[in-house]
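Worksheet: one structure, shown below.
Bear in mind that the values in this text are calculations on the coordinates, not laboratory data. These numbers were taken from a predicted model, which means no experiment stands behind them. So basically every Cβ, Gly included, is an ideal-geometry build from the backbone, and we count neighbours across all protein chains shown.
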Amino acid sequence: MQKIEKLSQELKSLKQQRDILNQEAKHWAEKRNSLHKQIKDLRMEATNSRERRNTVNEKVKALKALRDQTRQLIGKNIEEIKQLKEKLLLLKTNKPRRSSDSLRKEKEEIEWKIQTTSLTLEEEKPLVEKANQLEIQLNTYQQIDETKEKITKLQSEIEAMNGEVKLFHTQIAELAKQSQELHRKMIETLEKAKPLQDEADGHHQNFVQSKQKAQKIHEEFIKLSERIRALKKELTEKEEKEKMQQQEENKRKLKTEALKKLEKGEKLTFDEFKLLAEEKT
């Protein structure tokens, strides 16, 4: 009995040690999980910064493409202006000595004469040829004006496109700055997560160690519990055996006394009578 009590005290001590270690493991798990949540939040924040940065970079890419297309158009317009200026120089070189107003006035006079005067074919023919020559000369002035107009239009387009290019450049610079800031923020956030991860790993290691120690003690607890149970069973069986032996001894004594009383002719009790009846049966 004393042995069982001593072992029960040891069992109680093991249970306390195991519970303390399980409580420690719970404590380390809570600290680890708290850090994991912080790490998860930081990583989500970093992911958000990365996605926003990538979106900004896509906008930069699109703006650069538009800027490059516009620059190509500017280059195309510049080349076209160069060709038009060469054409204009040639036209000016072949320009009639007379002014366009003078040529137009003479042409109109000839056409009026042809329309209002009764002329023979021979008389009309030189006038028509003269009018055609004047038309050719006037056409040179028209080409000069059209060429100048095209050059002016192209120059206006170039000026507008240069404005667009400048705007693209400003937007690209602003977006590039945003991208750099988002990238910096992403890296900074990930850097914050590193020491937290190291700390969480340390807490997890402590958790594992506490659980392993608790498990080891629990195994000792189980073994000791089984040993106590076996001892209690053994003790119970021993007590039952002793009880039965005592009962047999009491029955034997009672039987002996009953037989003596029977021999003396004394009156038997109900239990004594019953015991002797069972014996005969």
Entries of 12/213; 37/185; 76/177 with Cα pairs more than 22 Å apart: 76/177
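Over its Cα atoms, what ratio of radius of gyration to 2.2 N^0.38 Å does the stretch 146-262 give? Write down the numbers at each step before the final one.
Values: Rg = 48.8 Å, N = 117, 2.2 N^0.38 = 13.4 Å.
Expressed relative to 2.2 N^0.38 Å, the Cα Rg reads 3.63.
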For the stretch 201-249 and the stretch 105-175, what is the separation of their Cα centres, given in Å? 115 Å
Give me the extension gain from residue 55 to residue 173: residue separation times 0.36 nm, minus the current Cα-Cα distance, reported in nm with one decimal. 41.0 nm
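In whole percent, what relative contact order does the stretch 2-256 give with Cα contacts below 8 Å and a gap of six or more residues?
Values: 167 pairs, mean separation 125.9, N = 255.
Dividing the mean separation by the residue count of the stretch 2-256 yields 49 percent.
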Within the stretch 233-263, find all residues whose amide N lies under 11 Å from a label point positioned 7 Å from the Cα of residue 269 along Cα-to-beta-carbon. 254-255, 258
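Can you tell me the mean projection area, over all orientations, of the convex hull of the chain's alpha carbons? Units nm², please. Before the final figure, lay out each step's value.
On the way: hull surface 172.8 nm².
Convex hull of Cα atoms, orientation-averaged projection: 43.2 nm².
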Taking 25 Å as R0, compute the FRET efficiency from the Cβ-Cβ separation of residue 125 and residue 148 and round it to 0.05. 0.10
Which part of the stretch 33-74 falls in the paramagnetic zone of residue 192, meaning amide N under 15 Å from the point 7 Å along Cα-to-beta-carbon? 35-50
